[in-house]
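Undergrad: Shown below is the structure under consideration.
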Amino acid sequence: LYLNIMLLYFFVLFYGQGVANSVVMEKSSKLMESMLVTVNPVAIILGKLFAITLTGIIQILSWVSSIGLSFAIGTYGVKAINPDTTMGIIEMFEMLREMTEGMFSPINCILAVIVIILGMLLYCSLAGIGGAMASKAEDLSSANLMFTLVLVVSFLATLYGGGMDGASNPILDWIPFTAVMVTPANALLGNIPVWQTLAIIGIIFVTTVIITL
C-alpha cells in the first residue's frame, strides 16, 4: 500500500504539472492565436489533458509490466539452470507468491487499472484548470495552487491514515482524491469487495467529469 501511494503521488505530480505547463506554454505562443481561429479552446485543452494523461498511464503500466516480466523471466532462467537454488531473491519471490496466491484476480486487476486511469485524469483535470487560469509561466505556481493543495493534502491523509502501516482508513476509499492512492492496492489485495470498488469508480468518474467540464 505504501509503495502504491508513493508511486501514484509522484506520477500524478509530474504529469499534472506537465498538463499545466503545456497549457500555459500554448497560451503564450503566437501559434495559439492562429489555432484559436479554427479550433475551439476547449478542444485544445482537452486534447492536451487526454494526451498527457494517457502518456502517464502507459508509462505506469509499462514500468509495472516490464518489472514483473523481467523478474519472472529471471526466476525461470535461474530455476532452469539450478532447480535447487537457494538464491535469496528467488526464495523471497516464492514466499511472496505463496502469500499473495489468490489475491490478484483478473477482475480486481482490471478494476485497479480503471481506478488509476480515472485518478490520473482527475488530478490532471485539476492541473488543467490551473494552467487555464495562468496567463504566463510565472503565474503558474499561484494559479495551480488548487491542484497542489489537493494533491499534498490527499497524500498526507493517506500516509497518516494508515498508508505507512499497510492498512488504510476505510473512509479514504470513498473520497475520490484519496481513493486514487489507496483503492488500487486495496482492490488488488482483495481488501474490499468488487461492488465497493465499482461504487468508488463511479464516484471518481462523476467527480472527474465535473472537474473536466
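Undergrad: Ranked from highest to lowest mean number of other Cβ atoms within 10 Å per residue, what is the order of the peptides 5-16, 43-54?
TA: So the order, starting with the most tightly packed, is 5-16, 43-54.
Undergrad: Then there's this: Using 0.36 nm per residue, how much length does the chain from Leu156 to Trp195 gain when fully extended, once their Cα-Cα distance is taken away?
TA: Between Leu156 and Trp195, full extension yields an extra 11.3 nm.
Undergrad: Just order 111-120, 199-208 by mean Cβ neighbour count inside 10 Å, highest at the front, would you?
TA: 111-120, 199-208
Undergrad: Next up: Taking θ = phi - 60°, what integer Hz values does the Karplus form 6.51 cos²θ - 1.76 cosθ + 1.60 yield along the stretch 84-92, in sequence order, with x for Gly and Pro?
TA: 3J(HN,Hα) across the stretch 84-92, in whole Hz: 9, 4, 10, 4, x, 5, 5, 5, 5.
FYI, it's all coordinate maths here, none of it is from the lab. The shown structure was predicted, so the numbers you read here are calculated from the model rather than taken from an experiment. Every residue, glycine as well, gets a Cβ built from its backbone with ideal geometry; the counts of neighbours run over all protein chains shown.
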